[in-house]
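To start, the structure under review is shown below, and the notes come after it.
The values are calculated or read from the model by the stated rules, or taken from the named source; none is laboratory data. Just so it is clear, the model here is predicted, and its values are computed rather than measured. Ideal geometry is used to build each Cβ from the backbone, glycine not excepted, and the neighbour counts take in all protein chains shown. SASA here: full protein model, heavy atoms, side chains in, ligands and nucleic acids out. Shrake-Rupley method; radii C 1.70, N 1.55, O 1.52, S 1.80 Å.
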Amino acid sequence: MSSFSPNSEPESSAPPRCPWLTIIGIGEDGRAGLSAAALTALDGAELVIGGARHLDLAAPLSARTLAWPSPFSDGYKMVLERRGQPTCVLATGDPFHYGIGAELARFIPAGEIISFPQPSAFSLAAARLGWSLPDCDCVSLHGRAIERIVSYLQPGARIIALSWDGSTPGRLAELLTARGLSASTITVLEAMGGSRERIRSKAAAEFDIAEIDPLNTVAIEVAAADDARMIPLAPGLPDTWFENDGQLTKAEIRALTLAVLAPRAGELLWDIGAGAGSVGIEWCLRHPRNRCIGIEEREDRADRARRNAAELGATALDIKLGCAPEALSGLPSPDAVFIGGGASEPGVFDTAWMALKPGGRLVVNAVTMETETLLGTLHARHGGLMRRLALSRLDRVGGMHGWRTAMPVTQWVVTKP
C-alpha cells in the first residue's frame with residue numbers, strides 16, 4: 001500500500017458513477033453539529049474511516065470503523081479499494097480547506113463523492129475575532145515548516161494559521177520577535193466549537209501562554225517596528241540578506257533575471273548552479289504555490305542555500321546535491337530554467353532544453369568569455385534575447401568616493417517553441 005501515489009489521475013475506468021464516498025466534516029460538538037443529511041449518510045455507511053478523535057466525536061456508530069493507518073497515505077488505496085460500497089470518511093471542519101477531501105479527490109472522481117463540510121478553523125477563528133476572512137491570509141503549518149509563514153508577515157497583516165501542535169504558538173512568538181515584530185498580537189484559539197474552547201491573546205514579546213491544546217489555531221495581527229525584517233513584494237532582495245561565499249547573483253542582476261524568468265503562479269523552476277539559492281528563493285517568494293529545484297554540486301553551498309531559504313520563508317525550494325546534467329535526471333519537467341553556473345559543461349543546456357516544457361523560459365547568465373562564446377552559438381541556433389548587463393556601485397576610495405564596476409554579465413533569454 002505504501003507505494004500508492006495520491007497524485008495519480010482520478011480513476012476513469014468503468015462504473016460506478018453514483019456517489020459512494022461520503023466525506024463529513026465534524027467539529028468539536030460531534031454529532032450534535034451535523035446536519036440531518038450528514039447524519040443519514042454517516043449512519044448508512046458500511047464503513048466509517050477517520051482519526052481516533054473523529055471516531056470518538058461521531059459515536060455511537062453502528063457501522064464498522066477503521067482508524068487511519070500510518071503512514072497516512074496508505075489509507076488512500078484502502079478507500080479506493082472500496083469503490084462502489086457505501087463508505088464514509090470523517091475529517092475536521094471543511095474537508096476541502098487544507099483537508100483530506102482535496103487529497104481523496106485527486107484519485108476519486110468528484111461525481112462519486114458527496115461532502116458535508118463544517119466551518120473550517122479559519123472561518124471559526126475569523127468569526128470569534130470579528131475579522132473579515134477574505135482580508136486574512138490563511139496558512140497551514142500542520143506538517144509544514146514554520147518558516148512558511150515568513151512571506152506573509154507584512155505590515156498590518158492578519159494571519160490565521162493551523163498549528164502542528166501545542167508548541168506552534170510559542171515558536172511563532174519567537175520567530176516574530178527575532179524579526180522585529182515583537183509588538184504583534186498572537187491569539188491562540190483552542191478546540192473551537194466544543195466544551196473545551198478557549199481563546200487567549202498575548203504580544204509576541206510577552207508570550208507566556210502555557211498548556212496549549214494540540215488542537216489549536218493561531219491568529220496573528222502583525223505590528224512592525226521600524227527595523228522589522230519583512231519580505232518586500234518586488235524582486236531584488238538586498239545581497240546582505242543572503243549568507244554567501246561570493247557565489248551570489250547580485251540584487252540588481254537578480255531582479256532583471258526574475259523579470260525575464262517571468263514566474264507565474266504554481267510554476268516550477270530549475271535553478272542550475274544554485275550557489276546561495278538567491279534566484280530560486282526569489283522565484284518561490286513570488287507566489288505561495290511556486291516551487292524550485294536547485295542543483296548545487298558543493299555540499300557547503302547546498303547547506304547554505306537551504307539556510308537562506310528557511311530564513312526567508314522560501315520553503316518550496318528543494319536543493320539537490322549533485323552535478324548537472326546527471327543530477328537533472330528524473331526531475332519533473334520545469335516551466336522555467338535558470339542556469340547561473342555550469343552552462344559550459346557538456347550536456348547541461350541540452351538536457352535542460354529537452355526537459356523544459358513548451359512555452360517555457362530559459363535564462364543563462366554568463367561572466368566568463370568561454371560561456372559567453374557558447375551563448376553566442378546557442379543564440380544563433382535558437383534565437384531569443386542577448387544582452388550585456390553592466391553595473392557600477394558607488395564605493396569609498398580613500399577619503400573620497402568613486403564608482404566600482406562589477407564584472408559584466410551576459411544574459412541570454414529564450415522561450416521554447
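Annotations for the structure displayed:
- Note on the stretch 328-341: among residues that are in contact with an Asp or Glu (Cβ under 8 Å, 6 or more places away or on another chain) and small (Gly, Ala, Ser), the one that is farthest from Glu372 (Cα to Cα) is Ala336.
- Filter result (open to solvent by 10 Å² or more (accessible area, probe 1.4 Å), in a loop (DSSP other than H, G, I, E, B), out of contact with any Ser or Thr (no Cβ under 8 Å at 6 or more places or on another chain) and closer than 28 Å to Asp137 by Cα) within the stretch 271-309: Arg286, His287, Arg289
- Residue list for the stretch 188-209, restricted to those being farther than 15 Å from Gly27 by Cβ and polar (S, T, N, Q): Ser201
- Within the stretch 310-340, tally of residues that are acidic (Asp, Glu) and part of a strand (DSSP E or B): 1
- Scanning the stretch 398-408 turns up no residue that is surrounded by 15 or more Cβ atoms within 10 Å (Cβ to Cβ), not aromatic (Phe, Trp, Tyr) and not in a strand (DSSP E or B).
- Near pairs, Cβ below 7 angstrom, 6+ apart or cross-chain, from the stretch 328-351 (open to solvent by 30 Å² or more (accessible area, probe 1.4 Å)) to any residue that is part of a helix (DSSP H, G or I) and hydroxyl-bearing (Ser, Thr, Tyr): Ser344/Thr371
- Pair list, Cβ under 6 Å, 6 or more apart: the stretch 111-135 residue small (Gly, Ala, Ser), other residue part of a helix (DSSP H, G or I) and surrounded by fewer than 16 Cβ atoms within 10 Å (Cβ to Cβ): Ala126/Leu133
- Which listed residue, of Leu153, Leu162, Leu175, is closer than 18 Å to Ala225 by Cβ and in contact with a helix residue (DSSP H, G or I) (Cβ under 7 Å, 6 or more places away or on another chain): Leu175
- Every residue from the stretch 126-165 that is surrounded by fewer than 18 Cβ atoms within 10 Å (Cβ to Cβ), in contact with a Gly (Cβ under 7 Å, 6 or more places away or on another chain) and part of a helix (DSSP H, G or I): Glu147
- Condition check for Gly376: open to solvent by 30 Å² or more (accessible area, probe 1.4 Å), assigned to a loop (DSSP other than H, G, I, E, B) and free of Cβ contacts under 8 Å to residues at least 12 places away in the same chain: no
- Here the stretch 56-94 is the region considered, the condition is being over 24 Å from Ala121 (Cβ atoms) and among the small types (Gly, Ala, Ser), and the residue that is surrounded by the most Cβ atoms within 10 Å (Cβ to Cβ) is Ala63.
- Hey, Gly360 of a type in the set (Gly, Ala, Ser), open to solvent by less than 60 Å² (accessible area, probe 1.4 Å) and within 25 Å of Ile295 (Cβ to Cβ) or not: yes
- Among the candidates Ile293, Ile339, residue that is β-branched (Val, Ile, Thr) and over 22 Å from Thr410 (Cα atoms): Ile293
- Residues of the stretch 238-251 classified as out of contact with any strand residue (DSSP E or B) (no Cβ under 8 Å at 6 or more places or on another chain), outside any helix (DSSP H, G or I) and not acidic (Asp, Glu), total: 7
- Residue list for the stretch 35-55, filter: of a type in the set (A, V, I, L, M) and open to solvent by 20 Å² or more (accessible area, probe 1.4 Å): Ala36, Ala37, Leu39, Ala41, Ala52, Leu55
- Check on Arg254, among the charged types (D, E, K, R), touching a residue at least 12 places away in the same chain (Cβ under 8 Å) and farther than 20 Å from Ala305 by Cβ: no
- In the stretch 201-237, the residue that is nearest to Ala52 (Cα to Cα) out of those that are open to solvent by less than 60 Å² (accessible area, probe 1.4 Å) and not in a loop (DSSP other than H, G, I, E, B) is Asn216.
The rows are residues; the columns are (1) of a type in the set (Asp, Glu); (2) closer than 21 Å to His142 by Cα; (3) touching a Pro at 6+ places or on another chain (Cβ under 6 Å).
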{"position": "Ala58", "(1), (2), (3)": "no, no, no"}
{"position": "Trp68", "(1), (2), (3)": "no, yes, no"}
{"position": "Phe72", "(1), (2), (3)": "no, yes, no"}
{"position": "Glu81", "(1), (2), (3)": "yes, no, no"}
{"position": "Cys88", "(1), (2), (3)": "no, no, no"}
{"position": "Gly99", "(1), (2), (3)": "no, yes, no"}
{"position": "Leu104", "(1), (2), (3)": "no, yes, no"}
{"position": "Glu112", "(1), (2), (3)": "yes, no, yes"}
